[in-house]
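**Q** Sharing a structure with you now.
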Amino acid sequence: MRLKKYSLRQKILIGGKIKKICRSNKVKFIINDEPWLAKKLNADGCHLGQKDMSINEARTIIGNKIIGITCHNSIRLAKRAIKSNANYIAFGAFYSSKTKKAKFRATTKILKKVKKFNNIPLIAIGGINSSNYKNLLLNKANFLAISGYIWNNKKYKPEEAIKIFK
């Protein structure tokens, strides 16, 4: 759940609804940037950016739940995340995105490099759509973070967009 421009009250209300949807579909419920909100909502974990708190600080808040971190396009950041016991690492943006301006551009080479020295789950982020997602999966991405294609798609409603990836 990534709700940057909402009040705490709204996040709790929306988060409760999203949590129910996730549970009924057996999908992990991860909160972006806010471990304390993940704890309050009893989410499955949280995702951290490089400017958020450290993995160790987040771990003291949410305990033994999932913590992932964005590593942009950096092997150095990935190694640091692995050493800090991240549950997954995310790379991107792989493609241009309207959801968030990409300061960093990742390529599939980084996915292959990390898989050579660690088996941590890798998440691909940024501009992923129905025509480019298979390339990321074929190049060692374990999961895909797909936002804009689902929520801002002018051709398909969210439910229809999601079915394209099944």
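Throughout, read-outs are computed from the coordinates displayed, never taken from laboratory work. Only a predicted model underlies this, so the values are computations on that prediction, with no experimental measurement involved. Heads up, the Cβs are rebuilt from the backbone with ideal geometry, glycines too, and the neighbour counts pull from every protein chain shown.
**Q** What is the extension gain from LYS26 to LYS115, computed as 0.36 nm multiplied by their sequence separation minus the C-alpha to C-alpha distance, in nm to one decimal?
**A** So the extension gain works out to 29.4 nm.
**Q** Grab the alpha carbons of the chain, take their convex hull, and tell me the volume per residue in Å³.
**A** 121
**Q** Then there is this: For ILE12 and LYS166, FRET efficiency with R0 = 30 Å and r from the beta-carbon atoms, rounded to 0.05?
**A** 0.45
**Q** How far apart, in nanometres, would the label points at ASN132 and THR107 be if each is projected 7 angstrom from Cα along the Cα-to-Cβ direction?
**A** Using points 7 Å along Cα→Cβ, the separation is 1.4 nm.
**Q** Right, something else. The range 99-166: percent of C-alpha pairs farther apart than 13 Å?
**A** Value for the range 99-166 (Cα pairs over 13 Å): 65 percent.
**Q** For the chain, calculate the relative contact order in percent as a whole number, restricting contacts to Cα pairs under 8 Å that are 6 or more residues apart.
**A** Once divided by the residue count of the chain, the mean separation gives 13 percent.
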